[in-house]
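Heads up: the structure comes next, in structure tokens.
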């Protein structure tokens, strides 16, 4: 019996050793996987931070407007750029030399219940203030095109120009490189748009079918940048398309198709950080994420995009000027942290709908007032007439009604 007990005890110890070995292997594997995931997260965090271009413009903007509204409203100036990559591109952002076709002043309310972006046309005639660069001073200029601020003085000059024209304090700024923008669109699988008629242009290498479709790659970049082939070919029409595209892109980013796809989120974050240059106060991914979270509690239907009220510049029908009274009312809304009035938001694009609201009456044709509201239409106008007017405006802007 003693021999049998000894054999039984040996088998028991063997099974125990095997169980302990299995537990140790499982524990070691778990620890290893956890470390790999943790190190991967740290690596990815560092990688994203290294992607960002951070620039301090505080010594170049000079005297700045005071913050008027109580609480913590946030104003972010968003600029699109064709600046080059690397150190040369950074120098262009600091001192000029790159072009900018897109500028949006984004206002986020202090109670985080609404937000709106105001597109500032590149062809607007404005008074540009004196700007500083590392190479010296850029003289002030009257009746200058708005986008010359970016070309001659980079980010700091654009921020200073907007602040001097609006009296709005810019809290943060972001520059999006257009090539990086294309990669962002590709990372989320494309963006839904609606084109009113087919475009088949070999000269500009643009080929889009009519109707609803998802576009990405070079087609997406062309859609938001070019004028030729869309509507009446105006800069205003292009801005309307950009507003709708950005709204549709925002809806796509927060959709289940993106948020539940780790591969898409990783690719999007990588592409986004590679394409961004921003101020030093949000100069890392944690601070940038916190800024993004400020928008989180706002529903997409509470985020609107409009264009600054404007009229055609009489000396040159290819240029515009901001309408003095209407634009000042808009800047006062932002300074005082107030929502848009019905008149100012008449042709707004919602991030939820991603298309101009019905009744929008701003036309991109020099023969009419682009910033008039639907209240200027005769009261006898039928709903069919209003629908036809909205459809005609949408098509003029390269959009489906």
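The values are calculated or read from the model by the stated rules, or taken from the named source; none is laboratory data. Keep in mind that this is a model prediction, so the values were computed, not measured. Positions of Cβ are backbone-derived with ideal geometry, glycine not excepted, and every protein chain shown enters the neighbour counts.
A few remarks follow.
- Of the set (1) under 20 Å from the mean Cα position of the chain (by Cα); (2) at pLDDT 90 or above, all apply to residue 84 but (2).
- For the criterion of being loosely packed, with under 15 Cβ neighbours inside 10 Å, over 19 Å from residue 183 (Cβ atoms) and touching a helix residue (DSSP H, G or I) at 6+ places or on another chain (Cβ under 9 Å), residue 290 passes.
- Candidates 200, 222: the one that is outside any loop (DSSP other than H, G, I, E, B) and at pLDDT below 85 is 200.
- If only residues of segment 77-91 that are touching a strand residue (DSSP E or B) at 6+ places or on another chain (Cβ under 8 Å) and assigned to a helix (DSSP H, G or I) are counted, the one that is surrounded by the fewest Cβ atoms within 10 Å (Cβ to Cβ) is 90.
- Test: residue in segment 333-342 that is modelled with pLDDT under 95 and either over 20 Å from residue 168 (Cβ atoms) or not in a loop (DSSP other than H, G, I, E, B) (or both): yes
- From the options 189, 167, 217, 237, residue that is in contact with a helix residue (DSSP H, G or I) (Cβ under 8 Å, 6 or more places away or on another chain) and buried (at least 19 other Cβ atoms within 10 Å of the Cβ): 237
- In the set 71, 97, only one residue is modelled with pLDDT of 85 or more, assigned to a loop (DSSP other than H, G, I, E, B) and on the phi > 0 side of the Ramachandran plot; that residue is 97.
- The residue that is farthest from the chain's Cα centre (by Cα), among those in segment 145-158 that are assigned to a helix (DSSP H, G or I) and surrounded by fewer than 24 Cβ atoms within 10 Å (Cβ to Cβ), is 152.
- In the set (1) crowded, with 18+ Cβ neighbours inside 10 Å; (2) under 20 Å from residue 128 (Cβ atoms), the condition left unmet by residue 306 is number (2).
- Selection status of residue 217, in contact with a strand residue (DSSP E or B) (Cβ under 8 Å, 6 or more places away or on another chain), at positive phi and in contact (Cβ under 8 Å) with a residue 24 or more places away in the chain: no
- Here residue 284 qualifies as closer than 27 Å to residue 73 by Cα, in contact with a helix residue (DSSP H, G or I) (Cβ under 7 Å, 6 or more places away or on another chain) and surrounded by fewer than 19 Cβ atoms within 10 Å (Cβ to Cβ).
- Subset of segment 170-186 (residues that are surrounded by 20 or more Cβ atoms within 10 Å (Cβ to Cβ) and assigned to a loop (DSSP other than H, G, I, E, B)): 170
Per-residue answers, yes or no, for (1) in contact (Cβ under 8 Å) with a residue 24 or more places away in the chain; (2) assigned to a loop (DSSP other than H, G, I, E, B):
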residue: 245; (1), (2): yes, no
residue: 249; (1), (2): yes, no
residue: 252; (1), (2): yes, no
residue: 263; (1), (2): no, no
residue: 270; (1), (2): yes, no
residue: 278; (1), (2): yes, no
residue: 287; (1), (2): no, no
residue: 292; (1), (2): no, no
residue: 298; (1), (2): yes, yes
